[in-house]
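All remarks here apply to the structure that follows.
The values are calculated or read from the model by the stated rules, or taken from the named source; none is laboratory data. All values derive from a computational prediction rather than experimental measurement. Counting neighbours? That spans all protein chains shown, and the Cβs are built from the backbone with ideal geometry, glycine included. Just the protein is used for accessible areas: all its heavy atoms, side chains included, with ligands, DNA and RNA removed. Shrake-Rupley method; radii C 1.70, N 1.55, O 1.52, S 1.80 Å.
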Amino acid sequence: MYTQALNSSDGEDRHIEDAELAARFQARIDAEERIEPNDWMPAAYRKTLTRQISQHAHSEVVGMLPEGNWITRAPTLRRKVALLAKVQDECGHGLYLYAAAETLGSSREELVDAMLAGKAKYSSIFNYPTLTWADIGTIGWLVDGAAIMNQIPLCRCSYGPYARAMIRVCKEESFHQRQGYEIMLTLCRGSAEQKAMAQESLDRWWWPVLMMFGPPDQASQHSDTSTKWKIKRFSNDELRQKFVDATVPQAQFLGLTIPDPGMTQDADGHWRYSEIDWTEFKQVLAGNGPCNRDRMAARRKAHEEGAWVREAAAAYAGKRKARQLAQAAE
Amino acid sequence: MAAPSITVSETPLVLYTLRRADDALILGHRLSEWCGHAPMLEEDMALANMALDLLGQARELYSHAAKVEGRDNDEDKLAYLRDVRQYRNLLLVEQPNGDFARTMVRQFFYAAFADLYWRAMMKSKDATLAAIAAKSEKESAYHLRHSCEWLVRLGDGTEESHGRAQEAIEHLWAYTGEMFEVDDTERGLIDAGIAVDPAGLKAQWLKIVGGVIAEATLELPSNDWMQQGGRIGRHSEHLGHLLSELQSLQRSFPGATW
C-alpha cells in the first residue's frame, strides 16, 4: 500500500519498444498471466513498478517511527510485546518489498539513498504524530485498515514477486488491524478519560486516513496505464468509498463519532463523506506535514550512525574471504 | 493523582524470581529502544527478536513471582508500579544503549552468562523456574551466537569499529562481576536446589568471553574493580529515567485497564 497517493506521471519516459513484444506482453497481462523478473517487460512498466514497490518499502520502514514512538511507553507488558512484534512485522515488510524491487534491477542501497536524498516518497500518513496511546489503536484500526483495502487487490497485481509479497503482507496487516481495533475497544469500554482519548485520536486521524487513498479520480494522473497493466485494479475513489462503508459501522460499534457532521447514508447504503481538504494533502506531500522533517532526520540519523557498523561487517567479510583463499592456496 | 507504588513481600523465592524478571524486562526494554533506528533492517529485526524473547521471559517470571507471593500483584503491577529502589536488576542491563558496539557488548556479556545460567537452571527443583529455564536457554543461545558474531565483526572489522568495541568492553566490564554475586537470600535457595550458584559459572563464562574477545582481536580490561548494588535496588542514575518512561501511562491513569 502507501503508494497510490504518490503516483506521478512517467509519460515523458514512455517510448515505443518493439511493437510485437509489447503486444505479446499486453496479451499476457490481459490473460491474467503473472510477469516474472526474467520476462520481457516494457521499460515504463519496470520503472512504474520499481517506483511503486520501493515507495511501499520506504513507507513500511518510515512507518516504524510513529508506532515505535510508543513501544517504550506501552501501558502493559502484553501491549508492549504486541506493539514491538507489530513494528517488527513492518520492518519485515520493508525487507520483503526491497527484495521484490531488487528483482526489477535496482539495489536496496540505491533505493534507500533516493529516499534519504528526498528523491523518493513514502506515504504521507506517517508524517502525522502519535501523541497518545489511542493513536496506536487508531493506526492499527484505520491506517492498517486502509492499507488492507489498497493491498488486497495488489495480491493479484500482474507482477509476480510483488503480488506474492502482498499475500503475506496482507495476512499480517489484517492481524494488525484487529489488534488496533481491540485497543480502541478496550479504551472505549474503559474510563471516560480513556474514551475521550479514543475520540480525540479518531478526530485527528480520520481525514488524513481518507487522504491515504490518493487524489480524487478526476485529478489522479497515471491511473490509466497502471490499470491497463493490472497493477491497479480499483480507482482511488472506489477504494476510499469501500473503506468508509466498512469503517462507519465499526466506529458506531465503538460508540465513537466520525468527525464529519455532513456524512449521510445514501439509498444504496453507502456512507457519503464531505469534501476532503486536498490543500492539506498537498502541503504534507510537499514536505510541510507536522513530522516530515523529524521522520527524514530520524531515518538519516539511523543510516549515518549505522555506517561504521555496515563498513565493519563488509571489512570483516572481506578479510575472512581473503583468509579462506589464502588457506585454500596453501 | 499518580498511581502509588505497590509493596511486595520479598520472600527469598519472590526476590530471587523478581531479580531475574527485572533483568529480562530492563534489557528487553533497552533493546526495544533501537526499534526503527538500527544500522540496517536485518539488525532491526534481530534486536526486536531478542527484545521480544526477553520481554516474554520477564512476563513468565513476573507471573511466577506474583503467584509465589500469593497477594493480588500480577505481571503488570510488578513491572509498572515499583519504583527504582524496588527494582532488582543487574546494573549491566540498565546501562544505556550507547552506540551499536555498547549494545552488542552489553548483550554479549549478559547472554554469555544467561546461556550458562538457564542451562543450569533447567535442573531447578522449582518446576516453573525449570520450565522457564528450558525455554530461555534456547533463546539465550541465539542471543549469544548473534552477539558473538557481531563482536568478532566489530573487533576484526575496521579501525573505527575495533576502537568502539574496545571502548565498550572497557566501559561495561565493571558491571559484569555482579552477575556472579550471591547473598544470603540466594544461598538458602542454592542449598535447597531451587537456584544455581552463579559463582560456579564464572570460570566457564570467562573462558567463553575471553575466547571471543581474542578471536575479535580485542582485549580484556586489566582493571578488575566491579560495581554492585542493582540486586538491592542501588542503581545507576539511568534506571529512573527508563522507568519513568516505561511506567508513564500506568502512573498517570491509576487503575485503568489497557
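Trypsin sites (Lys or Arg not before Pro) within segment A:91-121: which are DSSP loop residues with at most 12 other Cβ atoms inside 10 Å?
A:LYS119
Using a cut-off of 21 Å between alpha-carbon atoms, which lysines can reach B:LYS207, once sequence neighbours fewer than 8 places away in the same chain are excluded?
Output for B:LYS207: B:LYS138.
Rank B:ASP23, B:ASP224, A:ASP113 by accessible area, highest first, at a 1.4 Å probe radius?
B:ASP224, A:ASP113, B:ASP23
Sort chain A into rounded, prolate or oblate with this rule: let a ≥ b ≥ c be the square roots of the eigenvalues of the Cα gyration tensor; rounded if a/c is under 1.5, and if a/c is not under 1.5, prolate when a/b is larger than b/c, oblate otherwise.
It comes out oblate by the Cα gyration axes.
Binning at 20 angstrom from zero up to the longest distance, how are the C-alpha pair distances of the protein assembly as shown distributed in percent?
All Cα pairs considered, the percentages come to 19, 46, 29, 6, 0.
Any idea how far apart A:ILE258 and B:GLU215 come out in nm if each label point goes 7 Å out from Cα toward Cβ?
Going by the 7 Å Cα→Cβ label model, 5.9 nm.
Leaving out ligands and nucleic acids, note down the accessible area per residue over chain B with a 1.4 angstrom probe, in whole Å².
That works out to 38 Å² for each residue.
Please give the FRET efficiency for B:ALA199 paired with A:TRP40, using the beta carbon to beta carbon distance and R0 = 51 Å, rounded to the nearest 0.05.
About 0.15, to the nearest 0.05.
Using θ = phi - 60° and the Karplus relation 6.51 cos²θ - 1.76 cosθ + 1.60, list the HN-Hα couplings for segment B:186-195 in order, rounded to whole Hz, with x at every Gly or Pro.
6, 4, x, 5, 5, 4, 7, x, 8, 10
Leaving ligands, DNA and RNA out of it, rank B:TRP205, B:TRP225 by accessible area with a 1.4 Å probe, largest first.
Result of the area sort, largest leading: B:TRP225, B:TRP205.
Keeping all protein chains in position, work out how much accessible area A:ASP277 exposes to a 1.4 Å probe, and write it in Å² to the nearest 10.
Roughly 80 Å² of A:ASP277 is accessible to a 1.4 Å probe.
Classify segment A:111-196 as rounded, prolate or oblate from the Cα gyration tensor: take a ≥ b ≥ c as the square roots of its eigenvalues, call it rounded if a/c is under 1.5, otherwise prolate when a/b beats b/c and oblate if not.
In terms of gyration-tensor shape, oblate.
How much accessible surface area, in Å² rounded to 10, belongs to the heavy atoms of A:SER174 with a 1.4 Å probe?
40 Å²
Just to be sure I understand the model, the point goes 7 Å from the Cα along the line to the Cβ. What's the resulting A:GLU109 to A:ALA19 distance in nm?
So the two model labels end up 4.3 nm from each other.
Taking a probe of 1.4 Å and counting only protein heavy atoms, give the total accessible area buried between chains B and A in Å², rounded to the nearest 100.
About 4000 Å² of accessible surface is lost on pairing.
For segment B:12-252, max minus min Cα coordinate along each principal axis, in Å, sorted largest first?
For segment B:12-252, the Cα extents along the three principal axes come out at 55, 43, 31 Å.
Check which residues have an amide H placed less than 5 Å from A:TYR159's amide H, if you skip close sequence neighbours.
A:ILE35
Taking 0.36 nm per residue of separation and subtracting the Cα-Cα distance, what length does fully extending A:ALA329 through A:TRP278 add?
Going from the current span to full extension adds 11.7 nm.
Going by the alpha-carbon gyration tensor, a ≥ b ≥ c the square roots of its eigenvalues, is segment A:181-278 rounded (a/c under 1.5) or, if a/c is not under 1.5, prolate (a/b greater than b/c) versus oblate?
Cα axes put segment A:181-278 in the prolate bin.
Given C-alpha coordinates of segment B:70-180, what is the ratio Rg to Rh with the Kirkwood estimate of Rh?
With Rh from the inverse mean 1/r over Cα pairs, Rg/Rh is 1.05.
Angle check, please: helix B:159-172 long axis (alpha carbons) against the longest principal axis of chain B (alpha carbons), in degrees 0 to 90, nearest 10.
40 degrees
What's the center-to-center distance, using Cα atoms, between segment A:172-242 and segment B:165-211 in Å?
51 Å
Which whole-angstrom value gives the distance between the alpha carbon centres of segment A:250-273 and segment A:72-110?
Centre-to-centre (Cα) distance: 33 Å.
Leaving out same-chain residues fewer than 8 places away, which lysines sit with a Cα under 22 Å from that of B:LYS77?
Filter leaves A:LYS80, B:LYS67.
With all protein chains present and a 1.4 Å probe, how do A:GLU311, A:GLU275, B:GLU10 order by accessible area, largest first?
Solvent-accessible surface, decreasing: A:GLU275, A:GLU311, B:GLU10.
Pairs of alpha-carbon atoms within less than 8 angstrom and 6+ residues apart define the contacts here; what relative contact order does chain B have, in percent?
27 percent
With a 1.4 Å probe and every protein chain left in place, work out the accessible area per residue of chain A in Å², rounded to a whole number.
For chain A, the per-residue accessible area is 43 Å².
Between 0 and 90 degrees, rounded to the nearest ten: what's the tilt of helix B:12-32 against the longest Cα principal axis of chain B?
Long axis of B:12-32 versus the principal axis of chain B: about 50 degrees.
Are there any residues in segment A:72-90 with a reduction of at least 30 Å² in accessible surface when going from the isolated chain to the assembly of protein chains? Probe 1.4 Å, please list them by number.
A:THR72, A:ARG73, A:PRO75, A:THR76, A:LEU77, A:ARG78, A:LYS80, A:VAL81, A:LEU84, A:GLN88
Considering only protein heavy atoms and a probe of 1.4 Å, how much of the accessible area of segment B:12-252 is carbon and sulfur, as a whole percent?
It is 52 percent, rounded to a whole number.
Give me the net charge of B:HIS146's neighbourhood, meaning all other residues with Cβ under 14 Å from the Cβ of B:HIS146; Lys, Arg count +1, Asp, Glu -1.
Cβ neighbours under 14 Å give a net charge of -3.
For segment B:37-106 and segment A:283-303, compute the distance between their C-alpha centroids and round to whole Å.
30 Å
Net charge within 9 Å of B:SER161 by Cβ-Cβ distance, Lys/Arg positive one each and Asp/Glu negative one each, not counting B:SER161 itself?
Once positives and negatives cancel, what remains is -2.
Tell me which lysines have Cα within less than 23 Å of A:LYS230's Cα, excluding those fewer than 8 residues away on the same chain?
Hits, sequence-local ones excluded: A:LYS47, A:LYS121, A:LYS171, A:LYS242.
Tally Lys/Arg at +1 and Asp/Glu at -1 over every other residue whose Cβ is under 15 Å from the Cβ of B:HIS241; what's the total?
Overall, the nearby charge balance is -1.
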